1. Those residues that are open to solvent by less than 10 Å² (accessible area, probe 1.4 Å) and within 14 Å of Ser41 (Cα to Cα), I need them from segment 187-212; list them, please.
2. Out of the residues in segment 118-143 meeting the condition of being touching a Lys or Arg at 6+ places or on another chain (Cβ under 9 Å) and surrounded by 15 or more Cβ atoms within 10 Å (Cβ to Cβ), tell me which one is nearest to Val93 (Cα to Cα).
3. Give, as residue ranges, the helices (runs of 4 or more DSSP H) completely inside segment 44-148 that count at least 1 residues that are farther than 21 Å from Ala182 by Cα.
4. Being of a type outside the set (Gly, Ala, Ser) and in a loop (DSSP other than H, G, I, E, B): is that true of Arg151 here?
5. Can you find a residue in segment 34-42 that is surrounded by fewer than 22 Cβ atoms within 10 Å (Cβ to Cβ), in contact with a strand residue (DSSP E or B) (Cβ under 8 Å, 6 or more places away or on another chain) and not in a loop (DSSP other than H, G, I, E, B)?
Amino acid sequence: MISLRSLTAGYGKLEILQALTLEFAARQFSALLGPNGSGKSTLLKAIMGSNRIFGGSITLDGRELVGLPTEAIARQGIAYVPQSRNIFDALSVGENLQLGAGRLAREERSAALDEIHSAFPILARRLGQAAGSLSGGERQMLAIAIAWLARPRVMLLDEPSAGLAPAVAGEVFQALQALRQAGITLVVVEQNARRALEYCDYAFVLREGQLAFAGSAADCLNDEDTVRGYLGFG
């Protein structure tokens, strides 16, 4: 669904991704793994048009994204959930969700919010609470719910389980599974490689801006060199 061809991207004069070529399959859960500084977050930002592209191509269903402003890329059906600053702290949970649903027609908005309340019952119980007072896991679920309300075809998430207790991280990944089952293509940057490989379909491991491994989650777990060399367990 998303294809990168010989993509070189970074910040200012610094090239982080080095002629990277890979593809994210439609309606699948793909995990981007690798050491800190390997270019994982840079890749997501490159797709969203928020950093510098030195060369190469990024296409969504064959349509070129390089050169488009971020808002135009979002209108193509791509939602991005950054690691931080992904909700409005001063607003209530309900107000955050209402903003997320703001572009939907009135009839669709009501149904979409009901769907969110069903999928995230903890948020339904916190509608009047200030979003800034939520726990880390609740914040991530709210950010995911807001992105879901945009009705995306693709969702990019940067470290959704960062700083969360294992049980809470598991709840976040269960929520991501619900998105995958709804037909949304997921691309998730995750530092907890073991957790990501329990849930994802495909794994891409980056090292110094280049592709070190691409394959199924099972193949990644069975690749001893990749597990020990780049993922930090095994």
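1. Within segment 187-212, Val187, Val188, Val189, Glu190, Val205, Leu206, Gly209 qualify.
2. Going through the qualifying residues, I end up with Ala131.
3. Working: elements: 70-75, 93-100, 106-119, 121-124.
Fully inside segment 44-148 and qualifying: 70-75, 93-100, 106-119.
4. The answer is yes for Arg151.
5. Looking for residues that are surrounded by fewer than 22 Cβ atoms within 10 Å (Cβ to Cβ), in contact with a strand residue (DSSP E or B) (Cβ under 8 Å, 6 or more places away or on another chain) and not in a loop (DSSP other than H, G, I, E, B), one finds at least one in segment 34-42, hence yes.
The values are calculated or read from the model by the stated rules, or taken from the named source; none is laboratory data. For clarity, every value in this text was computed on a predicted model and none was experimentally measured. Methodologically, a virtual Cβ is constructed for each residue, glycine included, from the backbone with ideal geometry; neighbour enumeration extends over all protein chains shown. Side chains included, ligands, DNA and RNA excluded: accessible areas come from the protein's heavy atoms. Shrake-Rupley method; radii C 1.70, N 1.55, O 1.52, S 1.80 Å.
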